[in-house]
1. Going by the conditions given, is residue 123 among the polar types (S, T, N, Q), more than 16 Å from the chain's Cα centre (by Cα), more than 29 Å from residue 268 (Cβ to Cβ) and modelled with pLDDT under 85?
2. Give the residues of region 227-272 that are among the hydroxyl-bearing types (Ser, Thr, Tyr) and surrounded by 15 or more Cβ atoms within 10 Å (Cβ to Cβ), sorted by residue number.
3. For a quick check of your reading: which strands (runs of 3 or more DSSP E) sit entirely within region 13-113 and have at least 2 residues that are outside the structural domain of residue 123 (by TED's automatic domain parsing), β-branched (Val, Ile, Thr) and at positive phi?
4. Can you pull out every residue in region 239-261 that is part of a helix (DSSP H, G or I) and free of Cβ contacts under 8 Å to residues at least 60 places away in the same chain?
5. Of all residues in region 128-144, which are under 23 Å from residue 56 (Cβ atoms) and assigned to a helix (DSSP H, G or I)?
6. Please verify whether residue 92 is loosely packed, with under 15 Cβ neighbours inside 10 Å and within 25 Å of residue 214 (Cα to Cα), treating the condition exactly as stated.
7. Residue by residue through region 268-298, note down the ones that are of a type in the set (Val, Ile, Thr) and within 17 Å of the chain's Cα centre (by Cα).
Amino acid sequence: MSNSSADVERSKKSLEAIRSEISKVIVGQDEVINGFLRALVSNGHVLIEGVPGLAKTLMIKTLARAIGCDFSRIQFTPDLLPTDIIGITAYDKNKGFYVVKGPIFSNLVLADEINRAPPKVQSALLECMQERQATIGSQTFPMKKPFFVMATQNPLESLGTYPLPEAQMDRFLFKLNITYPSLEEEERILRNNITVKPFEEFKIKAVSSPEQIVRIQQSVNSIYVDKKIEKYIVRIVDATRHPSQYGIGLGKYIAWGASPRASISIFMAARAEALLSGKTFVIPEYVKKVAPDVLRHRIIVNYEGQAEGITSDAIISQILERIEIP
């Protein structure tokens with residue numbers, strides 16, 4: 001399946017228009033927005049970590065408006081039930097049994113503070129993400145297309161939280177860290193924020209459509225990846241499992257390396273980065289750019305590393321320095 005330069009250029013322009021609409025509301029956070037767009041066109045999901053008040057909800061709401069998609073927000077709480085997100089079978093004496101679909105049946109879903117919900121609810125959400133379908137009673141319903149989940153975690157509080165198990169975090173294509181704005185950005189936020197200015201005043205236009213996003217997702221699959229690039233991806237992931245073979249000094253702090261899903265995710269995300277850059281092929285720089293977001297939540301740091309303040313980002317940085325580009 002060939003991917004013409006014209007197709008790639010069209011997709012790039014569409015994504016630039018989406019980014020431009022988002023920037024009407026969101027000040028800064030360019031890398032996080034790029035991460036969103038990469039995940040969206042890769043047909044993956046995002047786990048995002050950051051303290052409250054950094055516009056996580058606003059970001060996905062704006063993205064939904066810019067691509068003409070439905071948006072729903074689920075606030076995860078300790079008393080939430082799986083049926084609260086998936087839906088229920090109800091009964092009416094006039095029409096008998098009927099299905100009431102839950103908020104998960106939307107294009108873009110914000111799972112706010114996912115670590116506040118009990119494991120049963122987390123599993124229900126993650127099943128929808130993986131299978132792209134949900135069962136209510138005896139009926140199975142497919143998710144809308146596109147279907148994109150952004151789950152948030154608050155790193156400050158651990159009281160009353162249920163941390164996501166590693167195997168479930170592996171379902172997310174990316175883990176993005178959202179950081180504080182710069183002084184200049186925060187000054188702009190003071191004048192331009194939804195507390196003093198209603199969301200509607202930003203006049204976000206739908207510059208794309210669900211159908212167009214699905215077409216872009218399909219076109220990503222035909223971005224060319226050379227065999228050398230494939231070997232480079234596999235070596236990066238293998239270095240998380242056998243760090244001593246690659247001379248990774250911080251490798252002694254790795255409890256568990258990344259699974260083959262990490263290799264697939266880097267492969268997909270590098271193609272998405274090529275599309276965002278208007279290229280029909282992947283170069284090593286694209287792999288280096290997406291690898292931290294893919295590996296951040298997949299490398300498990302051991303207790304010794306945690307005690308010494310070693311982060312998975314520091315380990316990834318050393319791996320990318322050591323693994324030679326083909």
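1. Values: among the polar types (S, T, N, Q): yes; more than 16 Å from the chain's Cα centre (by Cα): yes; more than 29 Å from residue 268 (Cβ to Cβ): no; modelled with pLDDT under 85: yes.
It is false that residue 123 is among the polar types (S, T, N, Q), more than 16 Å from the chain's Cα centre (by Cα), more than 29 Å from residue 268 (Cβ to Cβ) and modelled with pLDDT under 85.
2. Going residue by residue through region 227-272, those that are among the hydroxyl-bearing types (Ser, Thr, Tyr) are 232, 240, 244, 246, 253, 259, 263, 265.
Scanning region 227-272 gives 232, 240, 246, 253, 259, 263, 265.
3. On the way: elements: 46-49, 71-75, 87-92, 96-101, 108-112.
Correct list: empty, since no element meets the threshold.
4. Kept after step one, since they are part of a helix (DSSP H, G or I), are these residues of region 239-261: 239-241, 243-246, 249-253, 260-261.
Listed by number, the residues that qualify are 241, 244, 245, 252, 260.
5. Within region 128-144, the subset under 23 Å from residue 56 (Cβ atoms) is 128-130, 143-144.
Selection gives 128, 129, 130.
6. Numbers: loosely packed, with under 15 Cβ neighbours inside 10 Å: yes; within 25 Å of residue 214 (Cα to Cα): no.
Taking the combined requirement at face value, the residue does not satisfy it.
7. In the first step, residues of region 268-298 are kept if they are of a type in the set (Val, Ile, Thr); the result is 280, 282-283, 287, 290, 294.
Within region 268-298, 287, 290, 294 qualify.
Here is a yes/no grid of residues against (1) within 22 Å of residue 203 (Cα to Cα); (2) crowded, with 19+ Cβ neighbours inside 10 Å; (3) not aliphatic (A, V, I, L, M):
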{"position": "11", "(1), (2), (3)": "no, yes, yes"}
{"position": "20", "(1), (2), (3)": "yes, no, yes"}
{"position": "24", "(1), (2), (3)": "yes, no, yes"}
{"position": "34", "(1), (2), (3)": "yes, yes, yes"}
{"position": "41", "(1), (2), (3)": "no, yes, no"}
{"position": "69", "(1), (2), (3)": "yes, yes, yes"}
{"position": "111", "(1), (2), (3)": "no, yes, no"}
{"position": "115", "(1), (2), (3)": "no, yes, yes"}
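The values are calculated or read from the model by the stated rules, or taken from the named source; none is laboratory data. Here the structure is a predicted model, which is why all the values come from computation and not from measurement. A quick note on method: Cβ atoms are made from the backbone with ideal geometry, for glycine too, and the neighbour counts reach across all protein chains shown.
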